[in-house]
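*Asks:* Please read through the structure below; I'll follow up with questions.
Throughout, read-outs are computed from the coordinates displayed, never taken from laboratory work. What you are looking at is a predicted structure, and each value in this text was computed from that prediction instead of being measured. Reconstructed Cβ throughout: ideal geometry from the backbone, glycine too, with neighbour counts over all protein chains shown.
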Amino acid sequence: MIADKIGVTKAAVYHQFNTKEEIVLAAAEEELAWLEATIDAAEQEDSSAGARDALLSHIVTLAVERRRTTSIILNDPVIARLFPENKTFRRVMARMNRMLMGNDAGPDGQIETAMLIAAISGAAIHPLCVDLDDGRLRSQLLHLARRFLGLPD
């Protein structure tokens, strides 16, 4: 499917990647790079509250704009099996958790971050939301995520 989508032969794809797992991880790592760039951008804000809100806004925007890709990645068994051990994934998630919950959030903060990200990405790909236009979906997800974090709307 990948070869067909990008207009090359399967042999060309397997010239770059030895296994299907490597292909899936490469696609997922690209998504992680996008997420890390959003964290970098949010860190440029003047205050921690501003950084948190900027990150939240970026996360919601990415989830909505990339919801078809997100659906594939979130439901891939290779990702579920390999990502918890992936150093890049762990680093990006730790940075996101610190920015959203603070440096001293501990295990409860990790759970809150996981819940928030799962809720945002899950809603963005949910069948009930598939027909919603991106603007409305983004607006409502951002509103609800801010409420979850106790941020002003």
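*Asks:* How far apart, in nm, are two points set 7 Å out from the Cα along the Cα-to-Cβ line at Thr88 and at Thr61?
*Replies:* 2.2 nm
*Asks:* Relative contact order (percent) for segment 39-119, with alpha-carbon contacts under 8 angstrom and 6 or more residues of separation?
*Replies:* 24 percent
*Asks:* Which whole-number percent gives the relative contact order of the chain, counting Cα pairs below 8 Å spaced six or more residues apart?
*Replies:* It rounds to 24 percent for the chain.
*Asks:* For n ≥ 4 DSSP H runs only, could you compute -39500 (n - 2.57) per run for the chain, divide by its residues and tell me the 222 nm figure to the nearest 500?
*Replies:* -24500 deg cm²/dmol
*Asks:* For the pair His126 and Ala49, how long in nm is the line joining their label points, each one 7 Å along Cα→Cβ?
*Replies:* 2.9 nm
*Asks:* Separate question: What's the extension gain from Ala41 to His15 if we count 0.36 nm per residue and subtract their Cα-Cα distance?
*Replies:* The span from Ala41 to His15 would gain 5.9 nm if fully extended.
*Asks:* Here is a follow-up. Using a 7 Å offset from the Cα along the Cα-to-Cβ direction at both Glu30 and Thr69, what is the distance between the two label points in nm, to one decimal?
*Replies:* 0.6 nm
*Asks:* Enumerate the amide H contacts of Val8 below 5 Å, restricted to partners 5 or more residues apart or on another chain; note that Pro and chain-start residues carry no placed amide H.
*Replies:* Under 5 Å from the amide H of Val8: no residue qualifies.
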